[in-house]
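Below is one structure, written out as structure tokens, with a few remarks after it.
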Amino acid sequence: MTDTNESSEIVQQSKQLEEFKVDLNYNEEMGQIIIWIPVGDHELRIITTSEDGKLDCVFVQMHPSPEKAQEAYENFATADDIRTMFTLTGIGKKCK
């Protein structure tokens, strides 16, 4: 997330849902959700890899307000919620 206002503090939250790590980053203007999965044998498209090389980013979603981002973060309550989203939408799936 780009911080265009240097005085705007970026708040970060994170939770582990089985193999998925879900990050929430937001400031007073916007927010983003990032989903990570351990590097290895998975069928998802990789957006980037973590600096330590242990996690692949497989999903990023921007939100127009911190409230919408927080709501989206809370909607990912279990790993099955994430798997269901990937299955229903095809988001992240590698094309064969």
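The values are calculated or read from the model by the stated rules, or taken from the named source; none is laboratory data. None of the values given here were measured: they were computed from a predicted structure. Every residue, glycine as well, gets a Cβ built from its backbone with ideal geometry; the counts of neighbours run over all protein chains shown. These area figures cover heavy atoms from the full protein model, side chains too; ligands, DNA and RNA do not enter into them. Shrake-Rupley method; radii C 1.70, N 1.55, O 1.52, S 1.80 Å.
Annotations for the structure displayed:
- Contact map, the stretch 69-96: residues that are of a type in the set (Asp, Glu) paired with residues that are open to solvent by 90 Å² or more (accessible area, probe 1.4 Å) and at pLDDT 90 or above, Cβ distance under 8 Å, separation 6+ or inter-chain. Pairs shown: Asp81/Asn75.
- With respect to the stated conditions, Tyr73 fails to be among the aromatic types (Phe, Trp, Tyr) and touching a helix residue (DSSP H, G or I) at 6+ places or on another chain (Cβ under 7 Å).
- Residue that is nearest to the chain's Cα centre (by Cα) [pool: residues in the stretch 44-96 that are among the polar types (S, T, N, Q) and within 29 Å of Glu28 (Cβ to Cβ)]: Gln61
- Filter result (charged (D, E, K, R) and free of Cβ contacts under 8 Å to residues at least 40 places away in the same chain) within the stretch 35-68: Asp41, Glu51, Asp52, Lys54, Asp56, Glu67, Lys68
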